[in-house]
Amino acid sequence: MDELRGLPHNTEAEQSVIGSMLLDPHCIPAVIERLDGEDFYLPAHQDIFDAIYAMFSRNAAFDPVTLMDEMSGRGTFDASSTADYISRLLDVTPTSAHAAQYSDIVRRLSLLRKLDYAAQEISSQARESGAEADTVLDSAEQSIFNLRQGREVTSLYKIPVVLMEVYQNIREISEAGGKLPGIPSGIPDLDEVIGGLLNSSFIIVASRPGVGKTSFLLGLGLSAARSSDKAVVFFSLEMSRDQLVSRLLSNESNVNSKKLLTGDLNPNDWMRIGEAASSLSQLPYLFDDNPVISVEQMKAKCRRVPNLGLVIIDYLQLMHGSKKRYDNRTTEVGDISRNLKIMAKELGVPVLCASQLSRESEKRGDKRPMLSDLRESGAIEQDADVVMFLHREGIYSDEVDKSEAELSIAKNRHGETRKINLHWSGDTTTFTSADRGYYD
């Protein structure tokens, strides 16, 4: 063991991990759950592990002979030493029963090496001439977050690793019997089109003021928190947390929102509010109403939320970019949009963001929004995986039923686009599926 000389590593533990897999292939899944090739310090161990990983990923027959054949095909087999070394690994491994414990030792020391590397990178960035403290701090925090989440600081992944992840996702979806790949939105027609709220997706919900963007996002968050048992974080740059929770209380209790504002409540209303409050208090729904929060601050807060499932932001045009100067507001909004997309990928959860529309839609005879109406930046359309428009014709015409609403999926990177009919309840400020109900 050379932990005190050079970088931390334990040769005996690495040998025992690989020897365990050679002695008993049944322990391979337990090892692969904990390690990948770059967790091994010695290159020879990395080569052997990567070959085993590749064979396991395609369910190939495995033993020392087939392993050497695999390494030969990968160009990592040395005729003068590899066969003897594999035999030696079998001899020096005390037992395969402790493969998980050997793996934990290798993983712990690998993490220390990666932490050492990250510290050097952070130090180098901090010493650079003209370095921005906020930029370096965000980079440092992201590096540590990646290590905590078990992800590599590097972004280069070998195809067998990615194939294994894809294969595992497909298998989980298949075993779930048609279960949505994403978090249910609570609106069945929407889930049919976009597959639920998919991890790492950046989703825009846009409309003109007063149509109900905030209410729509609150409802999606409520459904996500209830159906997934994962934490939902709602960043509100416009409304206070008290106003938001009051809307949820009206939604959940089915008590007119105006009654909650005036306090004109009868005993039955109080009973329903009490039951609703008890139900809501059990949900992992978190609120932040800081009106000047940045994308970097949002990421920092979300990284500290256990079991994070969904991030909601209301709304994009109220945000400001980094402290650097922008030539115009359009460039700044484009920068914010791009950073939100990056945040969705880094956190590995869907990010739902409300957006305002320009007045152009109201100048047309048909006032339904179009992608060109997205306010201040075409980058929003480019960055978003899904763009949805909320529209209520009853706002503009007394001849239309005020309860009719429409959700138009104008962009869907994962599939089709479609219009969905919704029902709007002004009393409780909620949207539901027009024909099936909200939580069906």
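Key figures for this structure:
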item: Positive minus negative residues near Ala384 (Lys, Arg vs Asp, Glu; Cβ under 9 Å); result: 0
item: CD proxy at 222 nm, helix term only [per DSSP H run n ≥ 4: -39500 (n - 2.57); per residue of the chain; nearest 500]; result: -15000 deg cm²/dmol
item: For the range 280-286, Karplus couplings with θ = phi - 60° (6.51, -1.76, 1.60), whole Hz, Gly/Pro x; result: 5, 5, 8, 8, x, 10, 10
item: Rg followed by Dmax, in Å, when the range 267-346 is reduced to its Cα trace; result: 17.4, 58
item: Hydrodynamic radius of the range 235-307 per Kirkwood, over alpha carbon pairs, in Å; result: 13.9 Å
item: Given charges at beta-carbon only (K, R positive; D, E negative), |dipole| of the range 272-358 in Debye; result: 300 debye
item: J(HN,Hα) series, the range 77-86, from Karplus relation 6.51 cos²θ - 1.76 cosθ + 1.60, nearest Hz, glycine and proline x; result: 9, 9, 4, 8, 9, 4, 4, 5, 5, 5
item: Convex hull volume per residue in cubic angstrom - Cα atoms of the range 268-411; result: 153 Å³
item: Fluctuation leader among Tyr117, Tyr315, Tyr396 - the chain, Gaussian network, Cα springs under 10 angstrom; result: Tyr396
item: Distance in nm between pseudo-label sites at Arg413 and His98 (7 Å out along the Cβ direction from Cα); result: 4.7 nm
item: Per-q log10 I(q)/I(0), the range 1-133, q = 0.12, 0.21 Å⁻¹ (Debye; single scatterer per alpha-carbon; no solvent); result: -0.50, -1.22
item: log10 of Debye I(q)/I(0), alpha-carbon scatterers only, for the chain at 0.06, 0.07, 0.11 Å⁻¹; result: -0.36, -0.48, -0.95
item: Using θ = phi - 60° and Karplus 6.51 cos²θ - 1.76 cosθ + 1.60, couplings along the range 365-374 (whole Hz; Gly, Pro as x); result: x, 8, 8, 5, x, 10, 4, 5, 7, 4
item: Assigned charges on the beta-carbon of Lys, Arg, Asp, Glu; the range 289-430 dipole about Cα centre (debye); result: 740 debye
item: Average silhouette area of the range 177-311, convex hull of alpha-carbon atoms, in square nanometres; result: 9.7 nm²
item: 0 to 90° range, to nearest 10: angle between helix 133-148 axis and the chain longest Cα axis; result: 60 degrees
item: Efficiency of FRET from Cβ geometry, Ser397 and Glu141, R₀ 60 Å, rounded to 0.05; result: 0.75
item: Highest to lowest packing among 34-40, 13-19, 417-423, scored as the average C-beta count within 10 Å; result: 13-19, 34-40, 417-423
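Every number here is computed from the coordinates shown, using simple stated rules; none is lab data. These numbers come from a predicted model, not from an experiment. Neighbour counts are summed over all protein chains in view; Cβ atoms, including those assigned to glycine, are modelled from backbone coordinates with ideal geometry.
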